[in-house]
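In what follows, a single structure is set out as structure tokens and then discussed.
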Amino acid sequence: MLDRTLSLNPQVALRPEPFGALAYHYGNRKLIFLKHPDVVRVVEALDGQATIAATLTACDIDEPRWPSFASALAALEASEMLHEHDATR
Amino acid sequence: MSTTPLVDQLKGGLDAPICLTWELTYACNLECVHCLSSSGRRDPRELSTAEAKAVLDELRDLQVFYINIGGGEPMIRRDFFELVEHSIDNGIGVKFSTNGAFIDAEKARRLTAMDYLDIQISLDGTDAVTNDAVRGDGSYDTAIRAMEHLRDAGFGEFKISVVVTRHNVDQLDEFKALADSFGAQLRITRLRPSGRGADSWHDLHPTAAQQVQIYHWLLAHVDDVLTGDSFFHLNALGEEPLPGLNMCGAGRVVCLIDPIGDVYACPFVIHDEFKAGSVRDAGGFAQVWKQSELFTELREPQSAGACASCGSYDACQGGCMAAKFFTGIPLDGPDPECVSGHGEAALLAASAVTVPKPAMDHSKPRRVPVTIGRR
């Protein structure tokens with residue numbers, strides 16, 4: 001997971017909230033709660049980074065927390081909020 | 001990952017509603033006996049097209065992702081398509097509820113051509129007798145015809161929206177089959193004693209045994225039936241909670257804008273006590289949502305009141321505020337349909353109090369036979 005390249009689906013809008021953000025997918029109408037501001041920062045930073053690991057580094061996320069970020073991002077991919085980037089790295 | 005459970009954070013309110021219902025008009029061709037907004041006649045103070053568009057612009061700035069449009073019958077408004085298009089063009093998806101009377105072949109094609117649009121056709125029986133007893137003569141045929149038009153136009157997955165009553169609860173499987181036959185999605189919601197429902201609730205609301213039946217039916221259909229989160233009071237029936245946030249969202253994640261621009265805590269409480277302000281006030285909708293006294297109060301921790309000592313409170317959250325209010329039960333009392341049986345005593349106690357009446361009644365005047373001539 002950590003060496004993969006994901007980015008925010010262009011059909012998804014993020015709305016900042018006190019707890020983090022709401023993510024809404026205009027295509028599949030799914031609404032997801034991003035329950036931590038750090039997850040929001042990471043999701044917003046995905047674009048332009050080669051891998052998830054690189055994004056987490058860029059966002060100053062401590063390595064022990066990486067597995068929980070990896071599973072949060074995997075869940076977001078499962079609901080199509082995130083999608084695989086073109087592998088043109 | 002987060003320290004406070006999400007539900008607790010949501011109870012403190014969001015920066016903008018997730019689920020905003022906007023009743024576009026009180027005018028309706030039907031006069032359903034359980035109408036939440038006592039609709040029938042148009043209110044002369046109805047928001048103009050320009051005012052409605054300004055509200056939509058404000059919702060866009062607040063990043064409201066989608067709105068639920070209802071009424072009355074929203075398609076009665078001459079600017080219905082203009083408003084829906086304005087909303088969608090501004091990135092606000094639309095789901096609208098209709099009785100289907102104004103969906104002919106041409107309108108069905110027009111609706112099909114729009115993105116980010118969902119349609120809910122209301123139907124309260126799988127046969128004309130059951131449905132029309134609640135929604136009026138001919139309304140079953142009207143709804144089915146609208147569904148046929150949507151199917152023929154290739155709209156795709158529209159929704160069939162059912163209010164569960166004592167008389168249609170045994171038809172849940174048939175509703176599902178009907179929805180499947182149209183490639184539609186079934187949505188079932190709870191009957192509330194709001195609007196004209198205050199007068200019909202006692203005769204229509206499901207019995208205690210039927211509530212258990214609904215709970216198990218919903219558990220068996222968690223993946224393929226929508227509920228708008230409206231049955232969380234049933235969660236006290238078992239270990240397994242129904243899907244959803246399991247909380248009253250009134251004024252926290254949900255609110256209602258009525259046809260004249262008044263903002264209420266939820267679609268089921270059109271009453272002065274739950275009116276937070278108006279989109280016509282200085283500061284508009286955003287000010288009402290963010291700063292009104294009522295919404296601020298609803299976002300504070302609520303007392304469990306009479307339910308505090310009940311082991312099921314965490315599961316049912318004391319039920320629905322509107323259901324209590326319009327049956328005369330105190331807001332910190334049990335839900336009138338409490339599945340642990342506390343509702344009956346509360347209803348009995350409430351029978352001595354004056355039950356609040358809805359703020360407005362737009363029902364059409366009763367036709368009384370007039371005798372002309374001299375005595």
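Go through (1) on the phi < 0 side of the Ramachandran plot; (2) out of contact with any strand residue (DSSP E or B) (no Cβ under 6 Å at 6 or more places or on another chain) and name the single condition B:Ser38 misses.
(1)
What residue, among those in the range A:7-31 that are assigned to a strand (DSSP E or B) and in contact (Cβ under 8 Å) with a residue 40 or more places away in the chain, is farthest from B:Gly13 (Cα to Cα)?
A:Ser7
If you go through the range B:161-217, how many residues are in a helix (DSSP H, G or I), out of contact with any helix residue (DSSP H, G or I) (no Cβ under 6 Å at 6 or more places or on another chain) and more than 18 Å from B:Cys316 (Cα to Cα)?
The qualifying residues number 19.
Go through the range B:153-178 and report how many residues are closer than 30 Å to B:Arg109 by Cβ and either within 21 Å of the chain's Cα centre (by Cα) or not hydrophobic (A, V, I, L, M, F, W, C) (or both).
So in the range B:153-178, the residues closer than 30 Å to B:Arg109 by Cβ come out as B:153-163, B:174-178.
Filter again for either within 21 Å of the chain's Cα centre (by Cα) or not hydrophobic (A, V, I, L, M, F, W, C) (or both), leaving B:154, B:156-163, B:174-176.
Result for the range B:153-178: 12.
Please find, within the range B:293-309, the residue that is surrounded by the most Cβ atoms within 10 Å (Cβ to Cβ) out of those that are small (Gly, Ala, Ser) and either in contact with a helix residue (DSSP H, G or I) (Cβ under 9 Å, 6 or more places away or on another chain) or at positive phi (or both). Walk me through it before giving the result.
Within the range B:293-309, the subset small (Gly, Ala, Ser) is B:303-306, B:308-309.
If we keep only those that are either in contact with a helix residue (DSSP H, G or I) (Cβ under 9 Å, 6 or more places away or on another chain) or at positive phi (or both) as well, we get B:304-306.
Working: B:Ala304: 14, B:Gly305: 13, B:Ala306: 16.
It comes out as B:Ala306.
Mind checking which residues of the range B:78-131 are away from every other protein chain (no Cβ under 14 Å), of a type in the set (Val, Ile, Thr) and touching a strand residue (DSSP E or B) at 6+ places or on another chain (Cβ under 6 Å)?
B:Val84, B:Ile121
With (1) part of a helix (DSSP H, G or I); (2) under 18 Å from the mean Cα position of the chain (by Cα); (3) within 14 Å of chain A (Cβ to nearest Cβ) as the list, and B:Val134 as the residue in question, which single condition is left unmet?
(3)
How many residues does the range B:40-64 hold that are crowded, with 23+ Cβ neighbours inside 10 Å and within 14 Å of chain A (Cβ to nearest Cβ)?
The number of residues fulfilling the criteria is 2.
More than 19 Å from the chain's Cα centre (by Cα), at pLDDT 95 or above, on the phi > 0 side of the Ramachandran plot and not acidic (Asp, Glu) - does that describe any residue in the range B:58-67?
We begin by selecting, within the range B:58-67, every residue more than 19 Å from the chain's Cα centre (by Cα); these are B:58-63.
Checking the rest, the ones that are also at pLDDT 95 or above come to B:58-63.
Now drop any that are not on the phi > 0 side of the Ramachandran plot, which leaves B:63.
Filter once more, keeping what is not acidic (Asp, Glu): B:63.
Yes - at least one qualifying residue is present in the range B:58-67.
Of the residues A:Arg4, A:Arg41, which single one is part of a loop (DSSP other than H, G, I, E, B) and under 13 Å from the mean Cα position of the chain (by Cα)?
Details: A:Arg41 fails: part of a loop (DSSP other than H, G, I, E, B).
Selected residue: A:Arg4, the only one of A:Arg4, A:Arg41 that is part of a loop (DSSP other than H, G, I, E, B) and under 13 Å from the mean Cα position of the chain (by Cα).
May I ask you to list the residues in the range A:13-72 that are of a type in the set (Lys, Arg) and within 11 Å of another protein chain (Cβ to nearest Cβ)? Spell out how you get there, then give the answer.
Within the range A:13-72, the subset of a type in the set (Lys, Arg) is A:15, A:29-30, A:35, A:41, A:65.
Across the range A:13-72, the qualifying residues are A:Arg15, A:Arg29, A:Lys30, A:Lys35, A:Arg65.
Is one or more of the residues making up the range B:67-74 of a type in the set (A, V, I, L, M) and either within 27 Å of A:Ala21 (Cα to Cα) or within 12 Å of chain A (Cβ to nearest Cβ) (or both)?
Within the range B:67-74, the first condition is being of a type in the set (A, V, I, L, M), and the residues that meet it are B:67, B:69.
Restricting the remaining residues to those that are either within 27 Å of A:Ala21 (Cα to Cα) or within 12 Å of chain A (Cβ to nearest Cβ) (or both) gives B:67, B:69.
Looking for residues that are of a type in the set (A, V, I, L, M) and either within 27 Å of A:Ala21 (Cα to Cα) or within 12 Å of chain A (Cβ to nearest Cβ) (or both), one finds at least one in the range B:67-74, hence yes.
Does at least one position in the range B:18-39 carry a residue that is facing chain A (nearest Cβ under 9 Å) and either closer than 30 Å to A:Ile61 by Cβ or part of a loop (DSSP other than H, G, I, E, B) (or both)?
yes
The values are calculated or read from the model by the stated rules, or taken from the named source; none is laboratory data. Everything numeric in this text was worked out from a predicted model, so none of it was measured. Note that each Cβ is placed from the backbone with ideal geometry, even for glycine, and that neighbours are counted across all protein chains shown.
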